[in-house]
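The values are calculated or read from the model by the stated rules, or taken from the named source; none is laboratory data. Treat the numbers as computed from the prediction; the structure is a model and nothing was measured. Cβ atoms come from the backbone with ideal geometry, glycine included; neighbour counts cover every protein chain shown.
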């Protein structure tokens with residue numbers, strides 16, 4: 001598994017508040033990569049040096065807007081506003097191909113199904129219909145009905161079916177039409193999926209992937225806006241990851257399928273149309289690793305899934321106000337990548353967690369406890385946590401927006417924390 | 001209509017009449033598939049009811065009055081009856097009489113058995129061909145199972161193990177079904193199928209290791225007693241949750257179907273388990289996916305204290321098969337030969353035709369639900385005694401063996417003594433062995449031990465180091 005993480009900046013057009021569906025790459029010519037060597041982190045352990053092993057091909061304000069006093073020797077850019085740069089020849093320098101997040105998931109799935117004939121997909125309407133979010137579109141024609149299995153509506157039972165199939169040699173991927181429906185599969189997931197490898201003394205493995213869209217969408221109502229990561233995080237034996245960009249969606253999908261453990265891959269309903277350029281060559285990401293989205297000095301912002309995009313939007317405002325936040329997409333919800341997180345905390349000494357879970361018992365709550373337990377001495381301020389309220393998600397648009405953390409709230413929270 | 005309407009109508013009418021008469025005959029002959037459908041007894045009765053309908057398919061005029069023998073009415077009746085429509089949900093003909101399918105048929109589904117209570121073959125029954133060695137092995141396994149169950153039950157009462165589940169009264173179901181299967185068939189047990197495991201080769205030592213959770217246990221001491229599992233013997237580890245193994249069995253059968261193996265999966269469950277949602281969905285899935293799975297229901301009449309009359313209102317579990325489009329058998333679970341023959345036939349059907357089969361094996365739970373239960377609280381002791389003395393499946397089979405001169409008193413005494421000795425020896429030995437080590441506590445949660453679990457293990461070890469006297473002596477580190 002590769003340990004490098006390709007950074008992809010999000011393009012302009014983030015003037016729209018919170019709707020990533022509009023983040024179509026209008027100025028894709030101005031996307032750049034900055035490569036961060038994750039293996040560089042061990043060098044930083046215990047050290048408060050600001051030396052980052054960052055090679056930047058080109059950084060412009062769209063990506064980072066680094067502070068003038070950066071000691072990394074990078075090109076210093078003072079403008080934080082997104083500008084279209086005149087790079088006419090960039091088109092030829094572009095590598096990789098552009099696609100939407102659901103297509104990236106499909107690509108990852110396709111590659112794995114081709115590579116391993118035991119990989120199969122089980123879910124409602126995944127066959128000829130192509131899945132309700134079109135993740136499996138066209139695959140039933142390619143691989144047949146047995147490998148893209150349409151099921152009757154009984155989540156507990158088809159999850160159980162997948163567990164049984166996994167124990168006898170297949171590598172099933174269970175698609176929940178919406179993550180919230182997997183609450184019906186809770187018995188099988190909590191009592192059997194996470195447990196049978198352990199209780200059988202290691203005799204039976206369950207290399208299953210459970211995936212589906214969750215999170216708060218656009219007025220989908222309370223039952224279709226569940227955040228299941230908070231409910232599943234206690235189940236031993238499970239691994240949980242959340243994707244947020246086409247790049248990490250494909251990589252995590254492939255890694256999850258190849259993993260011998262049961263993995264729950266959380267996607268977000270509103271991120272399926274996110275467009276990004278991803279490499280042509282095959283890559284698999286590490287399931288347990290967090291992604292450094294933007295290096296910084298002042299504060300560590302930990303986030304995942306859709307909130308990553310809200311945070312990056314807030315970062316623009318913060319940068320223009322003179323702050324230098326470090327943004328980490330934690331990606332691995334269980335177990336947490338405390339290594340990356342810890343190194344960041346040791347550098348910035350302040351943490352803000354931005355999540356979409358409910359306040360009580362959410363991922364943020366566990367993460368706070370873990371950071372406090374491990375890095376208490378490094379903290380200069382209490383850990384901030386922005387999360388949704390403990391209310392069912394209302395249908396009315398403005399009310400729904402109020403339950404989701406918005407960029408101005410993130411800006412305000414960072415300002416408050418940085419006062420310490 | 002453009003073609004010969006008269007001829008066609010006549011053909012349809014005669015066809016319909018013959019169908020109806022067959023149905024009537026079938027009802028009287030107690031074949032249950034059409035029973036209770038309640039077809040009208042005669043043409044006149046049907047016509048009398050005709051006046052209740054509002055429109056018919058062909059007629060432009062709605063009002064036909066009360067003229068029973070009106071030719072136009074005859075036309076409309078026939079046209080209505082032969083009208084056949086393919087709805088996406090069902091393909092069927094119509095009827096204008098408001099009929100319902102009865103909630104329960106007048107005659108219950110008969111139960112297949114080959115030996116009577118005294119072990120004599122029923123007149124006219126065709127017994128399966130069983131060699132002496134097989135018959136004797138089946139009996140010996142049942143006897144050892146009985147011995148093991150009784151001794152472990154007593155051990156629990158003495159406090160030597162924490163928990164046990166006996167299969168007293170269901171030995172025939174366990175052993176006969178196991179004997180009819182092949183070792184490639186994957187078993188998904190509930191928790192009362194240790195006889196199947198015993199047949200397949202799980203040794204008394206293995207049983208003891210699991211119940212005492214010592215370091216020889218293949219489950220590494222992680223599950224309660226009787227939660228056996230053996231990948232080698234194709235027996236999936238027991239999970240306490242009721243009914244969850246049913247969808248597992250369907251999924252595994254699906255995997256066998258994809259791999260085109262000559263094997264099926266077998267899921268065991270009780271009458272109580274049929275109330276779980278997983279049962280219904282698993283049956284439905286198995287039928288829709290057309291996978292080779294045997295659903296064997298041990299209908300022993302009791303789900304802890306809930307009798308079957310409080311569990312369902314249908315004629316047992318066998319009739320539920322048809323609701324899902326599954327072939328179903330009802331067999332006397334206390335009759336070893338019938339059980340063997342039924343499972344053998346079902347297995348063949350399941351594999352050759354790639355379809356699920358439901359088998360309801362009627363029996364009685366002679367023992368308590370588990371050692372945590374005292375069934376005298378909800379059923380009479382005389383009832384239990386009666387079943388134990390008069391309807392014990394092991395004694396019944398023994399009588400048949402003795403009738404064939406394959407078994408005798410000497411062999412019986414020797415077997416029982418040997419079995420008892422072996423069980424006690426293995427039990428005593430297993431009791432004093434060391435438990436699995438502390439290092440096993442954190443393994444197998446994932447494929448490799450992640451950092452946070454390593455930290456937790458380090459913490460536990462540091463606690464043990466600080467308080468060595470409090471750490472049990474039979475748990476190595």
task: Count, please, the residues in the stretch A:258-292 that happen to be in contact with a strand residue (DSSP E or B) (Cβ under 9 Å, 6 or more places away or on another chain) and closer than 14 Å to residue A:246 by Cα.
output: 19
query: Residues of the stretch A:145-155 being at the interface with chain B (Cβ under 7 Å from one of its Cβ atoms) and buried (at least 24 other Cβ atoms within 10 Å of the Cβ), which ones?
result: A:151
- line: Of (1) surrounded by 17 or more Cβ atoms within 10 Å (Cβ to Cβ); (2) at pLDDT 95 or above; (3) in a loop (DSSP other than H, G, I, E, B), residue B:325 fails just (1)
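From the list B:352, B:402, B:383, pick out the single residue that is more than 25 Å from the chain's Cα centre (by Cα) and part of a helix (DSSP H, G or I).
The conditions single out B:402.
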- line: Picked from the stretch B:225-241 (must be under 15 Å from residue B:165 (Cβ atoms) and surrounded by fewer than 19 Cβ atoms within 10 Å (Cβ to Cβ)), the residue nearest to the other protein chains (Cβ to nearest Cβ) is B:241
message: I'd like to know if the stretch B:207-219 contains one or more residues that are over 12 Å from residue A:192 (Cβ atoms), outside any strand (DSSP E or B), touching a residue at least 60 places away in the same chain (Cβ under 8 Å) and at the interface with chain A (Cβ under 8 Å from one of its Cβ atoms).
response: yes
query: What are the residues in the stretch B:243-282 that are more than 9 Å from chain A (Cβ to nearest Cβ) and either free of Cβ contacts under 8 Å to residues at least 12 places away in the same chain or out of contact with any strand residue (DSSP E or B) (no Cβ under 9 Å at 6 or more places or on another chain) (or both), if any?
result: B:260, B:261, B:262
- prompt: When the stretch A:291-308 is examined, which residues are found to be surrounded by 24 or more Cβ atoms within 10 Å (Cβ to Cβ) and either under 22 Å from residue A:365 (Cα atoms) or within 16 Å of the chain's Cα centre (by Cα) (or both)?
  reply: A:291, A:293, A:299, A:300, A:301, A:302, A:303, A:304, A:305, A:306, A:307, A:308
query: What about residue B:162, is it in the same structural domain as residue B:230 (by TED's automatic domain parsing), surrounded by fewer than 21 Cβ atoms within 10 Å (Cβ to Cβ) and in contact (Cβ under 8 Å) with a residue 60 or more places away in the chain?
result: yes
- request: Please verify whether the stretch A:112-126 includes one or more residues that are over 21 Å from residue A:255 (Cβ atoms) and either in a helix (DSSP H, G or I) or touching a helix residue (DSSP H, G or I) at 6+ places or on another chain (Cβ under 7 Å) (or both).
  value: no
- request: Sort out for me the helices (runs of 4 or more DSSP H) sitting completely within the stretch A:288-388 that have 3 or more residues that are within 14 Å of another protein chain (Cβ to nearest Cβ).
  value: A:338-348, A:363-375
- request: Out of B:238, B:242, report the one residue that is part of a loop (DSSP other than H, G, I, E, B) and within 14 Å of the chain's Cα centre (by Cα).
  value: B:242
query: So which of B:414, B:386 is away from chain A (no Cβ under 14 Å), surrounded by fewer than 15 Cβ atoms within 10 Å (Cβ to Cβ) and under 29 Å from residue B:113 (Cα atoms)?
result: B:386
message: Of all residues being in contact with a helix residue (DSSP H, G or I) (Cβ under 6 Å, 6 or more places away or on another chain) and within 13 Å of chain B (Cβ to nearest Cβ) in the stretch A:241-268, which is farthest from residue A:278 (Cα to Cα)? Just the residue, please.
response: A:262
query: Restricting to the stretch B:287-303, what's the tally of residues that are more than 9 Å from chain A (Cβ to nearest Cβ) and either surrounded by fewer than 24 Cβ atoms within 10 Å (Cβ to Cβ) or part of a helix (DSSP H, G or I) (or both)?
result: 5
query: If only one of A:169, A:138 is over 23 Å from the mean Cα position of the chain (by Cα), surrounded by fewer than 19 Cβ atoms within 10 Å (Cβ to Cβ), facing another protein chain (nearest Cβ under 7 Å) and at positive phi, which one is it?
result: A:169
- request: Give just the number: which of (1) more than 14 Å from every other protein chain (Cβ to nearest Cβ); (2) in contact (Cβ under 8 Å) with a residue 40 or more places away in the chain; (3) surrounded by fewer than 22 Cβ atoms within 10 Å (Cβ to Cβ) does residue A:213 not satisfy?
  value: (3)
query: When you go through B:397, B:442 one by one, which is the residue that is surrounded by 15 or more Cβ atoms within 10 Å (Cβ to Cβ), in contact with a helix residue (DSSP H, G or I) (Cβ under 7 Å, 6 or more places away or on another chain) and not assigned by TED's automatic domain parsing to the domain that holds residue B:191?
result: B:442
message: Just to be sure before I move on: is residue B:420 over 31 Å from the mean Cα position of the chain (by Cα), modelled with pLDDT of 95 or more, surrounded by 14 or more Cβ atoms within 10 Å (Cβ to Cβ) and under 23 Å from residue B:155 (Cα atoms) in the structure I sent?
response: no
